[in-house]
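J.: Here it is: the structure, laid out below.
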Amino acid sequence: MILSDSEILKAIARKTIVIEPFEPKNLGTNSYDVHLGKYLGTYNDDIIDAKKHNQISIFEIPEQGFVLEPNNLYLGVTQEYTETHEHVPFLEGKSSVGRLGIDIHATAGKGDVGFCNTWTLEISVSHKVRIYAGMPIGQLIFFKVEGQIQNFYNAKENAKYVQITEKPVESMMWKNKF
């Protein structure tokens, strides 16, 4: 079950959902709009190795915007810090963003109960497009969880994305054993 606007507000009042900063104007019928933070990252190497810690270079989006190029992966970040303690958050792109040819996540649209951080975005584009820090980029929807949670994300020993950051975070696949 997806939470409605009134249920999202109740969860915020109970602090089972935290959104900082929270702006009532960003609350939709059953979602909350999130915005592109001021930082982007790109991988330093032409070949990204899944078994290696691949380094990224992070830069600020200039006030006049930044042109994204096709066939490149950009790591962005949301302005909003979120916490979910009873609900599963899903991040989806806004239709207006999709109509610009921008995808904001390749595979990682679902968060876990206990995720407490900004969201790293895996941004790719179909053609050149200029983006701006602060632009609406996506929307969070929250699903109710059935049953008792035994393993919150932020309490897992092997959780890889718990370091709170306002900058995008590179893949931590290399921490897996395979």
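J.: So which trypsin sites (Lys or Arg not before Pro) in segment 1-65 are both in a DSSP loop and have at most 13 other Cβ atoms within 10 Å of their Cβ?
T.: When the trypsin sites (Lys or Arg not before Pro) of segment 1-65 are filtered for loop state and at most 13 Cβ neighbours within 10 Å, K15, K51, K52 remain.
J.: Which ³J(HN,Hα) values in Hz, rounded to whole numbers, follow from the phi angles of segment 133-139 under the Karplus curve 6.51 cos²θ - 1.76 cosθ + 1.60, where θ = phi - 60° and Gly and Pro get x?
T.: Each residue of segment 133-139 in turn: 4, x, 6, x, 10, x, 9 Hz.
J.: Okay, next question. What does the extension gain come out to for T107 and V162, with contour length at 0.36 nm per residue minus their alpha carbon separation?
T.: Working: separation 55, 0.36 × 55 = 19.80 nm, distance 1.86 nm.
Residue separation times 0.36 nm, minus the Cα-Cα distance, leaves 17.9 nm.
J.: Can you show me the helix-derived [θ] at 222 nm for the chain, built from DSSP H runs with n ≥ 4 at -39,500 (n - 2.57) apiece and divided by the number of residues, rounded to the nearest 500.
T.: -2000 deg cm²/dmol
J.: Oh, and also: Which aspartates and glutamates does K25 reach when only Cα atoms under 20 Å apart count, and residues fewer than 8 places away in its own chain are ignored?
T.: Hits, sequence-local ones excluded: D5, E7, D33, E80, E83, E92.
J.: Let me ask something else. Where Lys and Arg each count +1 and Asp and Glu each count -1, what net charge lies around Y43 among other residues with Cβ under 12 Å from its Cβ?
T.: Its environment carries a net charge of -4.
J.: Okay, moving on. Which whole-number percentage describes the relative contact order of segment 52-178, with Cα contacts under 8 Å and a sequence gap of 6 or more? Show your work: numbers first, answer last.
T.: Working: 227 pairs, mean separation 47.1, N = 127.
Reported relative contact order: 37 percent.
J.: So how long is each side of segment 112-178 along the principal axes, counting just the alpha-carbon atoms, biggest first, in Å?
T.: Computed over segment 112-178, the largest-to-smallest principal extents equal 44, 32, 22 Å.
J.: Figure the gain on full extension for S57 and E7 (residue separation times 0.36 nm, minus the Cα-Cα span) and round it to one decimal in nm. Don't jump to the answer; show the numbers that get you there.
T.: Values: separation 50, 0.36 × 50 = 18.00 nm, distance 3.92 nm.
Contour length minus Cα-Cα distance gives 14.1 nm.
A short reminder: the numbers here are calculations on the coordinates, not readings from a lab. Note that the structure is a prediction, hence the values are computed from the model and not measured. Ideal geometry is used to build each Cβ from the backbone, glycine not excepted, and the neighbour counts take in all protein chains shown.
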